């Protein structure tokens, strides 16, 4: 296993085990309190590390960062609300529908539509399992997971917009802080409870590091070492890792229906990644042909590809 692959797998494990750790705080602080606290602590860490020059930002930059922060906060709040009601692996699998549907809408190609259909078939297995009485699936939890998927798609679009407006990582750091402030009215009670109990505050800090700071750092390093399609395929394993984290930390059982559903979603995500890879390769070959088969690619083109790859594949904070 190469160091870059280990970084991505470590990121996925850290992210999902961080979510499982957060779920253990829900009874005491509530899902919204935990989310607000986690984003607030992560925002403080990132602001101290990045030190963004916000005094130099103009109106359009602030607008982009504000939208990014709103989508980030809504995505995380909805996701934590879902895992307070349904198993972690189930929530992650359902949430994956968001970026998959977005990919199909943007590409409007049959291959991407087929991948969405495959993912929907997989998610529907959770419903079949529940209807057969083999498990109890909270419909409100499912709705929150679907909402998290919608906000994840918004997050992808907003992050790309911020990347073109704000240089460096300052936009991300400020957006995380904005997301925390957005959730504060809903999570204030839990945040106050954590401040009154050092043990809860320490666990929340661990959640912020595991679910935000560590995954982001590992993925940023891996992006410099791995081709984008390999990076995306490895991230597609998140539903399976989430299911494992739920089993180990939350004692959430794994069923045959659940395994099949997660396998369908992972296959759909990998299929979307490979389809995009083929399209990019075709566009590159077309550009070479238009240039008369030149063997040299301009620095501007390389920079464009690298920037697009980083923006598209930056994972959730």
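FYI, it's all coordinate maths here, none of it is from the lab. The structure presented is a predicted model; accordingly, all values stated were derived computationally and were not measured. Neighbour counts run over all protein chains shown; Cβ positions are idealised from the backbone, glycine included.
Listed values, structure above:
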| read-out | value |
| --- | --- |
| Cβ crowding within 10 Å averaged over residues, with 244-257, 71-84 ranked highest first | 71-84, 244-257 |
| For peptides 103-113, 264-274, sequence by mean Cβ density within 10 Å, most packed first | 264-274, 103-113 |
| Among 127-139, 154-166, 181-193, the order from most to least packed when residues are scored by Cβ within 10 Å on average | 154-166, 181-193, 127-139 |
| Net lengthening on full extension, residue 110/residue 260 (0.36 nm per residue, minus Cα-Cα) | 51.7 nm |
| Likely footprinting exposure, 174, 34, fewest C-beta neighbours within 10 Å first | 174, 34 |
| Equivalent ellipsoid dimensions for segment 127-282 as semi-axes, Å, which come from the Cα gyration tensor, largest first | 28, 27, 16 |
| Segment 22-155: C-alpha gyration tensor shape, a/c 1.5 cut-off, then a/b vs b/c | oblate |
| Helix-only [θ]222 nm of the chain, DSSP H runs n ≥ 4, -39500 (n - 2.57) each, per residue, nearest 500 | -27000 deg cm²/dmol |
| Among 219, 95, 196: highest mean-square fluctuation, GNM of the chain, C-alpha pairs under 10 Å | 196 |
| Residue list for segment 187-221, given a label point 7 angstrom along the Cα-to-Cβ vector of residue 24 and an amide N cut-off under 16 Å | 198-211 |
